[in-house]
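Here the structure is laid out as structure tokens; the discussion comes afterwards.
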Amino acid sequence: MNTHQWTAALRVGQGFRLSDVDADATPGYHGHKADGERDLAAGLEALNELQERLFAQSRAGTARDAVLLVLQAMDSAGKGGIVRHVVGGVDPQGVSLAAFKAPTAEERAHDFLWRVAKRLPEPGFIGVFDRSHYEDVLIGRVRGLADPAEIERRYEAINAFEAEAAASGIRIVKVMLHISADEQKARLMERLDRPDKHWKYNPGDVDERMLWPQYMQAYQAVFDRTSTEAAPWRVVPANRKWYARLAVQELLLAALEDIDPQWPGADFDVEAEKKRLAAS
């Protein structure tokens, strides 16, 4: 697999149209499900080592960089599966996870990015936003929770915020998991058909589903306004769960390979410690 090929195939560029993306497609990958599951397992080994090196640098006080994975999607698109099967495969000590829900009264008293800035990953960590600051320009726009002028201000504020974060050493991987309306219906129906999945079902998901065209327009506006050189968007077709997980893993690997973390050197005399230990 060619990571750079994946990055190019998924990146939102000039003239990108979400309506042109086939949610069943597997851009950048030519294998089938069995191949994808095998490659996911193999890639996890590389992801584990790179993440451990990065975290080791944080423990040694030499880390300068971090990775932030931003996951956005319509309900049931597979964000939880990404967290469990991709990010969940590495050492949890080096991962910070945030899921931004409706803001509290304290959070509403501040600018919308106030609570987000506090959850940016520290050097040496992989941060995951399972839903993010983009809720404020998606739901905010579709549900009319902010007027158009405020939504426009937020686009610019996001770009400035992400540029500053990237300049500080955070590699930002922004992913929209794109499923079709028919696939979402099937996944929601499965939750209703299976008692062991009732806990995952939210009646409000159907209310949001009724606004599907408006959400697709809101996502297109997000891509048009906030896919920048410092923090480009990637749209991952997600009807095939195995492909979405593999694609996100490859994007994380690309970010970590770009950092190229190294094992920190010992700050003690290794040979002397061997002798002391042998004599103990």
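The values are calculated or read from the model by the stated rules, or taken from the named source; none is laboratory data. Everything numeric here is computed off the predicted structure, so don't read it as measured data. Note that each Cβ is placed from the backbone with ideal geometry, even for glycine, and that neighbours are counted across all protein chains shown. To get the accessible areas, we keep the full protein, side chains included, count just its heavy atoms, and leave off ligands, DNA and RNA. Shrake-Rupley method; radii C 1.70, N 1.55, O 1.52, S 1.80 Å.
A compact table of results
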item: Selection count where residues are over 21 Å from Ala73 (Cα atoms) and free of Cβ contacts under 8 Å to residues at least 24 places away in the same chain, scope the range 124-151; result: 4
item: Residue within the range 164-174 that is on the phi > 0 side of the Ramachandran plot, open to solvent by less than 70 Å² (accessible area, probe 1.4 Å), of a type in the set (Gly, Ala, Ser) and touching a residue at least 60 places away in the same chain (Cβ under 8 Å) present; result: yes
item: Search result, residues across the range 110-148 that are under 27 Å from Met210 (Cβ atoms) and open to solvent by 80 Å² or more (accessible area, probe 1.4 Å); result: Arg141, Arg143, Leu145, Asp147, Pro148
item: Condition check for Ile172: within 22 Å of Leu97 (Cβ to Cβ), in contact with a helix residue (DSSP H, G or I) (Cβ under 8 Å, 6 or more places away or on another chain) and assigned to a helix (DSSP H, G or I); result: no
item: Residue ID - nearest to Gly169 (Cα to Cα), chosen from residues in the range 38-57 that are surrounded by fewer than 20 Cβ atoms within 10 Å (Cβ to Cβ) and touching an Asp or Glu at 6+ places or on another chain (Cβ under 8 Å); result: Glu52
item: When residues of the range 58-109 are limited to those that are touching a residue at least 60 places away in the same chain (Cβ under 8 Å) and basic (Lys, Arg), the one least open to solvent (accessible area, probe 1.4 Å); result: Lys79
item: When residues of the range 22-37 are limited to those that are in a helix (DSSP H, G or I) and free of Cβ contacts under 8 Å to residues at least 40 places away in the same chain, the one least open to solvent (accessible area, probe 1.4 Å); result: Asp35
item: Residue that is touching a strand residue (DSSP E or B) at 6+ places or on another chain (Cβ under 8 Å) and among the charged types (D, E, K, R), where the choices are Arg234, Arg276, Arg245; result: Arg234
item: Boolean, Arg225 is closer than 25 Å to Val95 by Cβ, modelled with pLDDT of 95 or more, crowded, with 16+ Cβ neighbours inside 10 Å and not aromatic (Phe, Trp, Tyr); result: no
item: Considering residues of the range 3-21 that are without any contact (Cβ under 8 Å) to a residue 24 or more places away in the chain and assigned to a loop (DSSP other than H, G, I, E, B) only, the residue least open to solvent (accessible area, probe 1.4 Å); result: Gly15
